[in-house]
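Asks: Submitted below is the structure of interest, expressed as structure tokens.
The values are calculated or read from the model by the stated rules, or taken from the named source; none is laboratory data. Bear in mind the structure is a predicted one, so any value in this text is a computation, not a measurement. So basically every Cβ, Gly included, is an ideal-geometry build from the backbone, and we count neighbours across all protein chains shown.
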Amino acid sequence: MKKFILLSFMLLISMGLWAQILQGQSEEVTVKPPQFAGQPVAAVIADAQSIQDYVAANMQYPERDIQYRNEGTEVICFTVGIDGTLSNFEVINSVSSEMDAEITRVLQETNGMWIAGTNNEGAVEMQTEVAVACKIAWDGTEKSVTNFKKVATNYFTRGSKLLYLKDHPRRALANFNEGIQYLPYDANLLVMRGYAKFALGDKEGAIEDWKTVKNQTGIDNLKAVASMYQDLDGYAELLAETER
């Protein structure tokens, strides 16, 4: 059966990653993130191409991932230098090693195609990240495309039952990991995965997940989300450690 590939893309830039600490200064700092220009930035570009368009036009869905139906949201973080060059690529959420390499390859091609971020109107080196939702449409129709939110919700529900009702944190963790493969910055999945890690003795991993909720999701108040699970063992300790 002929395989049709559908990729949907989104650019996620975290304000938590942009923040620059200026020692000895108390005035307000204005931060502007790096911008993808779509071509070498030798001149001002009026109608810049999007990073989404560039990745879509230049990547190939790895054959092995098609064969094994590997889908999910690939998240890659990197540094944009003052001159628009890129460095320090790091995979934050991996679909597969092949997809890691392919998305990184395409992003490396954009070296020099970025306008540096600014801090108080001066160009500065900053980190940014790109998220790519990698989906396969097997019969060429929208109905055959995986609904990431639905799949992640199913994993969340199963994981929560295993953790909350059946006291199986290891199996719960496996389900939360699967859900996060599709929605890496879903606050509820991260909160519950943090609980599962905490129950298994991985305190550092739990705090890391909760800090991700606090710093990189659309949730303004971590406590508001976490309070839904406040009757779980370790809630108070985990929240206190996270908010330090």
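Asks: Can you confirm whether VAL75 is free of Cβ contacts under 8 Å to residues at least 40 places away in the same chain and either part of a strand (DSSP E or B) or aromatic (Phe, Trp, Tyr) (or both)?
Replies: no
Asks: Looking at region 84-111, which of its residues are in contact with a Cys (Cβ under 6 Å, 6 or more places away or on another chain) and either within 18 Å of ALA56 (Cα to Cα) or among the charged types (D, E, K, R) (or both)?
Replies: Listed by number, the residues that qualify are GLU90, VAL95.
Asks: Also, quick follow-up: Looking at this structure, is SER94 modelled with pLDDT of 95 or more, among the small types (Gly, Ala, Ser) and in contact with a strand residue (DSSP E or B) (Cβ under 9 Å, 6 or more places away or on another chain)?
Replies: So SER94 fits the description; yes.
Asks: Would you check if GLU109 is out of contact with any Leu (no Cβ under 7 Å at 6 or more places or on another chain), acidic (Asp, Glu) and more than 23 Å from ARG64 (Cα to Cα)?
Replies: Here the answer is no, as GLU109 does not meet what is asked.
Asks: Moving on. Let me spell it out: the conditions are (1) farther than 27 Å from LEU190 by Cβ; (2) modelled with pLDDT of 90 or more, and ASP65 meets all of them except one. Which number is the exception?
Replies: (1)
Asks: Separate question: Could you list, ordered by first residue, the pairs with Cβ atoms under 7 Å in which the first is in region 87-113 and assigned by TED's automatic domain parsing to the domain that holds ASN58 and over 18 Å from THR73 (Cβ atoms) and the second is among the charged types (D, E, K, R) and modelled with pLDDT under 95, at least 6 apart or interchain?
Replies: From region 87-113, no pairs qualify.
Asks: May I pose another question? Return yes or no: is PHE156 of a type in the set (Phe, Trp, Tyr) and closer than 20 Å to TYR235 by Cα?
Replies: Yes; evaluated as a whole, the condition is true for this residue.
Asks: Which numbered condition trips up LYS143, out of (1) at pLDDT 90 or above; (2) more than 17 Å from the chain's Cα centre (by Cα)?
Replies: (1)
Asks: With the structure loaded, tell me whether PHE176 is assigned to a helix (DSSP H, G or I) and either in contact with a Pro (Cβ under 9 Å, 6 or more places away or on another chain) or in the same structural domain as GLU129 (by TED's automatic domain parsing) (or both) or whether it fails that test.
Replies: no
Asks: Does region 113-134 hold any residues that are part of a strand (DSSP E or B) and over 19 Å from SER96 (Cβ atoms), and which are they?
Replies: Selection gives TRP114, ILE115, GLY117, THR118, ASN119, GLY122, ALA123, VAL124, MET126, GLN127, THR128.
Asks: So, one more: Does at least one position in region 31-49 carry a residue that is outside the structural domain of THR153 (by TED's automatic domain parsing), assigned to a strand (DSSP E or B), of a type outside the set (Gly, Ala, Ser) and modelled with pLDDT of 90 or more?
Replies: No.
Asks: Something else now. Could you check how many residues of region 135-173 are surrounded by fewer than 17 Cβ atoms within 10 Å (Cβ to Cβ), in a helix (DSSP H, G or I) and not aromatic (Phe, Trp, Tyr)?
Replies: Count: 11.
Asks: Here is a follow-up. Go through region 191-227 residue by residue and tally those that are within 17 Å of HIS168 (Cα to Cα), surrounded by 18 or more Cβ atoms within 10 Å (Cβ to Cβ) and free of Cβ contacts under 8 Å to residues at least 40 places away in the same chain.
Replies: Within region 191-227, residues that are within 17 Å of HIS168 (Cα to Cα), surrounded by 18 or more Cβ atoms within 10 Å (Cβ to Cβ) and free of Cβ contacts under 8 Å to residues at least 40 places away in the same chain number 7.
Asks: Please give the number of the condition ARG171 fails out of (1) charged (D, E, K, R); (2) within 24 Å of VAL75 (Cα to Cα); (3) modelled with pLDDT of 95 or more.
Replies: Result: ARG171 fails condition (2) only.
Asks: In addition: How many residues does region 143-165 contain that are free of Cβ contacts under 8 Å to residues at least 40 places away in the same chain and farther than 15 Å from GLY179 by Cα?
Replies: The number of residues fulfilling the criteria is 3.
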